[in-house]
Amino acid sequence: MDNKLNEIRRKIKFLRAEMLSAEDNIRKQVNRAEDCSEAALHLMAMRVVMLGLIGERNRLGGEERLLNVDERLKLDVRAVSRKPSNGAPMRFPSKACARPDPGWGPVRVTKTRHIKNPQPRPDSIGAQKARGRRER
């Protein structure tokens, strides 16, 4: 009976993936303003097959109870994965600390400012510098 139940679950999983693909194709056809009636009918047929598989799974005792919102919030799923199981140190968060480490000093960098409206230099100044270099 477990093999039959596992086979039904495998079929349901495969059918879900196929249905998601069909829904994606329908969205693309709608966005391109194409006729998607054939794809929609195929999706509805897959839904009927899915309901039959779910009914058969539940009949065999493989019913999976869905939790409501309150029950899902009460589950502490993240707490288990955050604690190191082998005694390894906890990882630090990616955010910066509220205060710097002792002995830490800020690095000061002089800022260079770009001149927004540079004044054109007279040609004589630029020419004098150029002549001085040539003479050497």
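The set of residues in region 18-48 being of a type in the set (A, V, I, L, M) and open to solvent by 80 Å² or more (accessible area, probe 1.4 Å) consists of Leu20, Val30, Ala33, Leu41, Met44, Val48.
Taken over region 3-42, the criterion of being of a type in the set (D, E, K, R) and either more than 16 Å from Leu53 (Cβ to Cβ) or in contact (Cβ under 8 Å) with a residue 60 or more places away in the chain (or both) is satisfied by Glu23, Asp24, Arg27, Lys28, Arg32, Glu34, Asp35, Glu38.
For region 45-66, what are the residues that are free of Cβ contacts under 8 Å to residues at least 24 places away in the same chain and in a helix (DSSP H, G or I)? Steps first, answer last, please.
Within region 45-66, the first condition is being free of Cβ contacts under 8 Å to residues at least 24 places away in the same chain, and the residues that meet it are 45, 48, 51-52, 55, 58-59, 63-66.
Those that are free of Cβ contacts under 8 Å to residues at least 24 places away in the same chain and in a helix (DSSP H, G or I): Ala45, Val48, Leu51, Gly52, Gly55, Asn58, Arg59.
A single entry from Arg78, Arg91 fulfils the requirement of being charged (D, E, K, R), assigned to a helix (DSSP H, G or I), modelled with pLDDT under 70 and exposed (fewer than 10 other Cβ atoms within 10 Å of the Cβ): Arg78.
The values are calculated or read from the model by the stated rules, or taken from the named source; none is laboratory data. A quick note: this is a predicted structure, and the numbers were derived from the prediction, not measured. Note that we place each Cβ from the backbone using ideal geometry, even for glycine, and neighbour counts take in every protein chain shown. Quick note on the areas: whole protein, heavy atoms, side chains included, nothing else; ligands and nucleic acids left out. Shrake-Rupley method; radii C 1.70, N 1.55, O 1.52, S 1.80 Å.
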